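The next block holds one structure in the form of structure tokens; read it before the comments.
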Amino acid sequence: MILARAVLVVLLLAWVSGCFYAPPPQNQRDLCQVFAQYPDWYDYARDSQSKWGTPVHILMAFVRHESSYRSHAKPPRRWLWFIPLGRPSSAEGYAQAQDPVWGEYRAERGRFFRSRSDMEDALDFIGWYNHKTWRQLGISRDDAEKLYLAYHEGRGGYRRGTWKKKPQLRRIARSVAATAGQYRSQLAQCESRFRCDSWYQVWPLCR
């Protein structure tokens, strides 16, 4: 009886949590509107920037291009006629983090219940990864294009230059940089609206 109740509670919690994942923002091209729809995302991005050094506009550009702000995004399944062959990688969530590096992140950062489908954890992960890229490869945390190449190929792959033979990836990296530049300009016009929008944020400490 106790076991049955425990299973029921677990299933109920899973169902409830699944109902509260945020749908993608209505206008992903405008960072001000993204944060207006989800103000907490600004706080998460600012926290990640403060800890790891990657600017808010680059963090959010990564999320947009990796998952289109879909919390449960995964690579499409491969098929042979009607036979499913699985997915090309274990990438998952807002940041499309793969199992090995996500395991490394959780082991280093602690907290067992970190989730790739949680925006706070996804932004912290991207900042953490880019911080390591900066430390190991010397890539500026303001260089969205090179950071994205290292993020996609892994730091070892970036060092070996695997991205040089992938013109489509290089186009995507340039697109990420363009989105980051657009987001930076937009954020400059609206950031003051989000810096002191919570009851616990007291001016001038949240400037």
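What follows draws every value from the coordinates through simple rules; no lab data is involved. For clarity, every value in this text was computed on a predicted model and none was experimentally measured. Please note: Cβ atoms are built from the backbone with ideal geometry, for glycine as well, and neighbour counts cover all protein chains shown.
The value for the range 93-154 of Rg(Cα) / (2.2 N^0.38 Å) is 1.08. Ranked by how many other Cβ atoms sit within 10 Å of their own Cβ, fewest first, the residues Tyr151, Tyr94 fall in the order Tyr151, Tyr94. Between Ser68 and Tyr21, the contour length at 0.36 nm per residue exceeds the alpha carbon distance by 15.5 nm.
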